[in-house]
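S.K.: Got a structure for you, written out below as structure tokens; questions coming shortly.
Every read-out reported here was derived from the displayed coordinates using simple, explicitly stated rules and does not represent laboratory data. No experiment lies behind these values; they were computed from the predicted model shown. Note that we place each Cβ from the backbone using ideal geometry, even for glycine, and neighbour counts take in every protein chain shown.
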Amino acid sequence: MKPIRIAIALFFLSLQWCVAQKQSVDSLVKQLDNKDAYIVLTYTMSPRVSGTCANDLVKIGKKATPELIKVLENANQGIIAHFILSEIWKDQWQEENCCRINKINGEEIITLNELEIHIKNNLLYATAQSLHKNKERWTLFWQA
């Protein structure tokens, strides 16, 4: 009888831990902002993130993927979510050789892990169309 009680207690503890981690991921994703994303141009173009929320999500890892995919079309969070996903899944893609940068109307445009990113006045942004296509790609990747 005692082993059954222990098993039941362990089950409920693990269930509570899973719920708590999901709530933590949700809370961290809500705090993301593209201003915490940047790119290092060395031999390759490397996405980088700063800030506690972004780095905590990288540490949580692949379990954060579904919540990050949900915000990929958000103009203020789509790039940082893409960078976090790219870091979490870095074993699944190859960084591009540096540096193919197009310049149009005072903007620099690069493609990083298939997302077209515009840089103007040191701010990163992506078009709604690019964000939408990127979300579709990550969704297909996650479902595969």
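S.K.: Of the trypsin sites (Lys or Arg not before Pro) in region 46-144, which ones lie in a loop per DSSP and count no more than 15 other C-beta atoms within 10 Å?
M.R.: Sites meeting the loop and neighbour criteria: 100.
S.K.: Let me ask another. In sequence order, what are the phi-derived ³J(HN,Hα) couplings for region 86-94 according to the Karplus relation 6.51 cos²θ - 1.76 cosθ + 1.60 with θ = phi - 60°, rounded to whole Hz, with x for glycine and proline?
M.R.: 4, 6, 4, 9, 4, 6, 9, 8, 10
S.K.: Would you kindly derive the ³J(HN,Hα) couplings of region 128-141 from the backbone phi angles with the Karplus curve 6.51 cos²θ - 1.76 cosθ + 1.60 (θ = phi - 60°), listing them in order in whole Hz, with x for Gly and Pro?
M.R.: 4, 5, 5, 4, 5, 4, 5, 4, 4, 4, 5, 5, 4, 4
S.K.: Okay, next question. Tell me, in nm to one decimal, what length is gained between residue 35 and residue 59 on full extension, where the rule is 0.36 nm per residue of separation less the Cα-Cα distance?
M.R.: 6.7 nm
S.K.: Search the structure for amide H atoms under 5 Å from the amide H of residue 74, placed 1.01 Å from N in the peptide plane, and list their residues when 5 or more places away or on another chain.
M.R.: Those lying under 5 Å, H to H, from residue 74: there are none.
S.K.: Continuing with the same structure: Please tell me which of these pairs span more than 21 angstrom C-alpha to C-alpha: 62/135; 90/120; 35/120; 35/63; 30/103; 63/120?
M.R.: 90/120; 35/63; 30/103; 63/120
S.K.: Quick one: length gained pulling residue 129 to residue 92 fully straight, 0.36 nm per residue minus the C-alpha distance?
M.R.: Contour length minus Cα-Cα distance gives 10.9 nm.
S.K.: OK, next. Assuming R0 = 41 Å, can you tell me the calculated FRET efficiency for the pair residue 48 and residue 139, based on Cβ-Cβ distance, to the nearest 0.05?
M.R.: With R0 = 41 Å, the Cβ-Cβ based efficiency is 0.95.
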